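Below: one structure, written as structure tokens.
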Amino acid sequence: MLTRRIIACLDVNAGRVVKGVQFVDLVDAGDPAELAARHAAAGADEIVFLDISATHEGRGTLLDTVRRAAQRLFVPFTVGGGIRTADEAAAVFDAGADKISINSAALARPELIGEIGARFGAQAVIVAIDARRAAGNPAAEYAEVFVAGGRTPTGRRAVEWAREAEQRGAGEILLTSMDADGTRGGFDCPLTAAVSEAVQIPVIASGGAGNAQHFTQVFREGKADAALAASIFHFGIADVRVLKEELRRDGIPVRLPC
Amino acid sequence: MIAVVDYKAGNLTSVVKALRAVGADVLVTESAAEIASAERIVLPGVGHFAATRRLDDIGITEAVRAAIRRGIPFLGICVGMQWLLEGSSEAPEQPGLGYFRGQCERFPEGSEKVPHVGWNEILTRTEPSPARLFAGVEQNAFVYFTHSYFVPAINFRRGPDPKLLENGTAAVTHYIETFASAVEHENVMGVQFHPEKSGETGLRILRNFLEWTPC
């Protein structure tokens with residue numbers, strides 16, 4: 001049976017992990033390569049690096065970081081953050097990423113989705129969508145897409161942009177609820193379900209995870225195909241394996257043993 | 001030396017890295033001559049079946065056919081496995097190698113999503129002889145898939161039956177329907193999933209391919 005994926009996400013700034021699990025016995029708890037390997041060993045179905053470097057110098061170290069991490073990773077590995085052209089994507093693939101995720105650049109120039117897909121396959125292109133419910137019309141279908149790290153509204157509906165991204169050749173959608181992000185109060189299940197039902201490609205839910213129940217909810221009610229776990233491991237869940245064991249008790253199909 | 005065939009269909013970095021991790025001496029090449037002299041051949045591939053046309057255009061199809069006839073071990077991955085059949089409804093005008101009979105089909109649209117993306121289980125062949133690719137791999141092990149087209153499973157688990165080898169089904173997986181997730185017959189093997197992205201299970205499968213020696 002196809003399992004629901006738990007994806008471990010690491011925010012990387014200038015080659016260092018900004019937040020993530022602090023495994024007690026790590027030699028270097030800020031090293032993305034070491035943390036990625038540890039998450040994979042604990043059962044993460046995929047690893048995502050989100051490059052949040054604000055400076056050009058910080059970005060320069062990304063390829064080296066990806067190369068070092070990829071050396072030890074034998075699960076799917078996605079890199080996102082700041083990729084604006086097909087050539088920049090090519091460099092990230094060369095360094096060892098299996099998929100790239102694009103956000104603002106895809107909205108600015110949607111042809112980019114097809115350009116990267118034509119060279120590396122649709123399965124390698126994840127379109128990341130940051131969405132927020134509209135104050136005037138809070139229904140999930142009206143949630144609006146934001147870019148530039150959630151600072152700039154685009155006037156586009158998340159559901160409609162996800163559909164366009166799929167038509168242009170995206171392989172997956174990574175949907176982050178800006179309303180839920182950071183709250184630890186649970187994923188935005190209605191929003192995730194609205195997007196997941198609008199497309200045929202897999203939808204990865206992100207934002208709001210606080211406990212294992214939230215994952216069960218987003219798989220059941222949110223119809224998510226995968227869920228991103230980042231800071232949850234700071235707050236009471238030891239690692240991916242523990243999370244998956246809870247999900248299995250809830251009847252969610254997960255890859256165990258991993 | 002193992003030739004990893006580069007026919008400009010996706011990124012080969014992960015396949016090469018995984019093969020090297022299990023000790024292979026890898027040469028990435030699109031030269032028919034280099035493929036003809038390789039000890040083993042791996043044909044990866046993601047994307048569209050039509051991309052395999054390039055294999056015909058630059059002489060690789062014939063080089064592979066000849067190598068297979070000489071008993072050189074061959075492993076096709078994803079589209080590289082699908083290419084072993086006669087063709088695919090994804091690109092009806094483009095013939096496959098035709099080593100195994102049959103056509104690749106698209107998952108039917110319905111309640112489940114297409115493509116099939118993620119970790120799913122493989123049920124491996126034990127009769128009439130255990131699949132060599134899966135020596136030491138437990139039944140229902142998880143591997144990573146990403147595809148919309150599949151190789152139909154033929155007469156799997158019916159025991160000794162000459163038709164079993166019609167497409168050499170070596171493992172099956174269920175998603176919407178039960179399809180062939182691996183094939184093998186004599187020196188020719190193929191996997192629909194990505195062993196290079198399937199953790200320890202995947203590395204074990206690659207090692208089995210490397211260590212298998214024709215008698």
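The values are calculated or read from the model by the stated rules, or taken from the named source; none is laboratory data. Note that the coordinates shown come from a computational prediction; the quantities given were computed from them, not determined experimentally. In this analysis, Cβ positions are derived from the backbone assuming ideal geometry, glycine residues included, and neighbour counts consider all displayed protein chains.
You will find that of A:GLY149, A:GLY121, the residue that is buried (at least 19 other Cβ atoms within 10 Å of the Cβ) and at pLDDT below 95 is A:GLY121 and no other.
Where in the stretch A:43-99 are there helices (runs of 4 or more DSSP H), lying fully within it, with 1 or more residues that are out of contact with any Ser or Thr (no Cβ under 6 Å at 6 or more places or on another chain) and within 14 Å of chain B (Cβ to nearest Cβ)? Outline the logic, then answer.
Numbers: elements: A:56-60, A:62-70, A:86-94.
Ranges flagged: A:62-70, A:86-94.
Quick check on A:ALA212: is it farther than 26 Å from A:ILE116 by Cα, surrounded by fewer than 22 Cβ atoms within 10 Å (Cβ to Cβ), in contact with a strand residue (DSSP E or B) (Cβ under 6 Å, 6 or more places away or on another chain) and more than 14 Å from chain B (Cβ to nearest Cβ)?
On the way: farther than 26 Å from A:ILE116 by Cα: yes; surrounded by fewer than 22 Cβ atoms within 10 Å (Cβ to Cβ): yes; in contact with a strand residue (DSSP E or B) (Cβ under 6 Å, 6 or more places away or on another chain): no; more than 14 Å from chain B (Cβ to nearest Cβ): yes.
So A:ALA212 does not fit the description; no.
Taken over the stretch A:204-215, the criterion of being without any contact (Cβ under 8 Å) to a residue 60 or more places away in the chain and in a helix (DSSP H, G or I) is satisfied by A:ALA212, A:GLN213, A:HIS214.
Within the stretch A:216-230, the set of residues being outside any loop (DSSP other than H, G, I, E, B) and among the aliphatic types (A, V, I, L, M) comprises A:VAL218, A:ALA226, A:ALA227, A:LEU228, A:ALA229. Every condition in (1) within 18 Å of A:VAL195 (Cβ to Cβ); (2) within 14 Å of another protein chain (Cβ to nearest Cβ) holds for A:PRO110 except the one numbered (2).
Is it the case that A:ALA86 is more than 19 Å from the chain's Cα centre (by Cα) and surrounded by fewer than 17 Cβ atoms within 10 Å (Cβ to Cβ)? No. The set of residues in the stretch B:45-72 being under 18 Å from B:ASN187 (Cα atoms) and free of Cβ contacts under 8 Å to residues at least 60 places away in the same chain consists of B:ILE60, B:THR61, B:GLU62, B:ALA63, B:VAL64, B:ARG65, B:ALA66, B:ALA67, B:ARG69, B:ARG70.
Within the bounds of the stretch B:5-23, is there any residue that is more than 12 Å from chain A (Cβ to nearest Cβ), in a helix (DSSP H, G or I) and in contact (Cβ under 8 Å) with a residue 24 or more places away in the chain? No, there is no match, as no residue in the stretch B:5-23 is more than 12 Å from chain A (Cβ to nearest Cβ), in a helix (DSSP H, G or I) and in contact (Cβ under 8 Å) with a residue 24 or more places away in the chain.
Conditions tested, residue by residue: (1) under 19 Å from A:ASN103 (Cβ atoms); (2) crowded, with 22+ Cβ neighbours inside 10 Å.
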site	(1), (2)
A:GLY169	yes, no
A:THR176	yes, yes
A:ALA193	no, no
A:VAL203	yes, yes
A:PHE219	no, yes
A:ILE237	no, no
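Give me a count of the residues in the stretch A:239-251 that are crowded, with 19+ Cβ neighbours inside 10 Å and either among the hydrophobic types (A, V, I, L, M, F, W, C) or touching a Ser or Thr at 6+ places or on another chain (Cβ under 6 Å) (or both). Total meeting the criteria: 3. Here B:GLN103 meets each of (1) more than 17 Å from the chain's Cα centre (by Cα); (2) within 14 Å of B:ALA180 (Cα to Cα) with one exception, condition (1). Within the stretch B:120-158, the set of residues being within 14 Å of chain A (Cβ to nearest Cβ), within 21 Å of A:ARG255 (Cβ to Cβ), of a type outside the set (A, V, I, L, M) and touching a residue at least 40 places away in the same chain (Cβ under 8 Å) comprises B:ASN120, B:GLU121, B:PHE142, B:TYR144, B:PHE145, B:THR146, B:HIS147, B:PHE150. With the requirement that a residue be among the hydrophobic types (A, V, I, L, M, F, W, C) and within 14 Å of chain A (Cβ to nearest Cβ), what does the stretch B:175-214 give you? Selection gives B:ILE176, B:PHE179, B:PHE193, B:LEU203, B:ILE205, B:LEU206. Reported count of residues in the stretch A:64-74, each being farther than 18 Å from A:VAL18 by Cβ and either in contact with a Phe, Trp or Tyr (Cβ under 7 Å, 6 or more places away or on another chain) or surrounded by fewer than 23 Cβ atoms within 10 Å (Cβ to Cβ) (or both), is 4.
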